[in-house]
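The values are calculated or read from the model by the stated rules, or taken from the named source; none is laboratory data. Quantities reported herein were computed from a predicted structural model and do not represent experimental measurements. Here the Cβ positions follow ideal geometry from the backbone for every residue, glycine too, while neighbour counts run over all protein chains shown. Remember, those area values only see protein heavy atoms, side chains included, never the ligands or the DNA or RNA. Shrake-Rupley method; radii C 1.70, N 1.55, O 1.52, S 1.80 Å.
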Amino acid sequence: MTTYAALLRGINVGGSKKVPMADLRTLLTGLGHTGVATYLQSGNAVFTTDGGDEDTLAADIAQAVEKHFGFTVEILVRDHTYLKAVRDACPFPAADLAPKQLHVTYFSHPVDTARFASVDQQALLPEEFRLGDRALYLYAPDGLGRSKLAEALSRPRLLKGLTATSRNWNTVVKLVEMTATAADD
């Protein structure tokens, strides 16, 4: 049995793509997953299962969401080991920063620096980003809502061919905690 987090992109934002968390928990349980829990209203669900890989699980959940709610949602599924590795590899001093200053964007596929070469990081200092394993770490001292770098990094041409979904540092840490099992401690 492996514990995973499903990261649903763009739900419950601005009144569109409404997915009540109770309904999402029921949907995941109906797919045969156990230990289902959700975190916040922004599309974070944790579950345990003994079958499938991340991509297959994401596709199955996306298909069930579309059938139940009537709209498509991009979904990434990641296991505890990956989520913990992303947390632990943070290139910024997370313990010294306010959680609103640090974000992780999870990607469906690995990315390299060439993808983001057109972003002039020097011009956007003190904001910074670093790439990790299918992840981008963003330091935005004034928060994501005011971040010029976040805006530059989210241009459609830079994200073409990827599913990308961002979480603040509190959520990154909480998902690691929620996916932890006794064997992982």
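Counting other C-beta atoms within 10 Å, and keeping those with at most 13, which DSSP coil chymotrypsin sites (Phe, Trp or Tyr not before Pro) do you find in the range 61-122?
Counting only loop positions with at most 13 other Cβ atoms within 10 Å, the chymotrypsin sites (Phe, Trp or Tyr not before Pro) in the range 61-122 are Phe71.
Cα atoms only, the range 62-156: Rg and Dmax in Å?
15.1, 46
Under 23 Å from the Cα of Lys17, which lysines turn up, not counting those fewer than eight places away in the same chain?
Correct list for Lys17: Lys67, Lys160.
Springs between alpha-carbon pairs under 10 angstrom, Gaussian network model over the chain: which of Asp96, Asp55, Asp23 fluctuates most?
Asp96
Quick one, which of [x] 0.94; [y] 0.96; [z] 0.99 is the actual Rg/Rh (Cα atoms, Kirkwood Rh) calculated for this model?
Step by step, Rg/Rh (Cα atoms, Kirkwood Rh) for this structure corresponds to label [y].
Can you give the three extents of the C-alpha atoms in the range 1-100 along their principal axes, from longest to shortest, in whole Å?
43, 36, 20
Probe of 1.4 angstrom, ligands and nucleic acids ignored: what's the accessible area per residue over the chain, in square angstrom?
Spelled out: the 1.4 Å probe surface of the chain, per residue, equals 51 Å².
If I build a Gaussian network model for the chain, linking alpha-carbon pairs within less than 10 angstrom, which residue out of Val13, Val65, Val73 has the largest mean-square fluctuation?
With Cα springs under 10 Å in the chain, the top fluctuation among Val13, Val65, Val73 is at Val13.
Of all the stretches in the chain, which is the longest one without any exposed loop site, taking trypsin sites (Lys or Arg not before Pro) in a DSSP loop (any state but H, G, I, E, B) with at most 15 other Cβ atoms within 10 Å?
19-159
Relative to the longest principal axis of the chain, what angle (0 to 90°, nearest 10) does the C-alpha long axis of helix 21-30 take?
50
Please report Rg (one decimal) and Dmax (integer) in Å for the Cα set of the range 124-185.
Rg and Dmax of the range 124-185, Cα atoms, are 14.1, 42 Å.
What part of the accessible area of the chain, given as a whole %, is carbon or sulfur when the probe is 1.4 angstrom?
For the chain, the apolar C and S fraction of the accessible surface comes to 49 percent.
Take the alpha-carbon centre of the range 53-131, take the same for the range 134-185, and report the distance between them in whole Å.
The two parts, judged by their Cα centres, are 4 Å apart.
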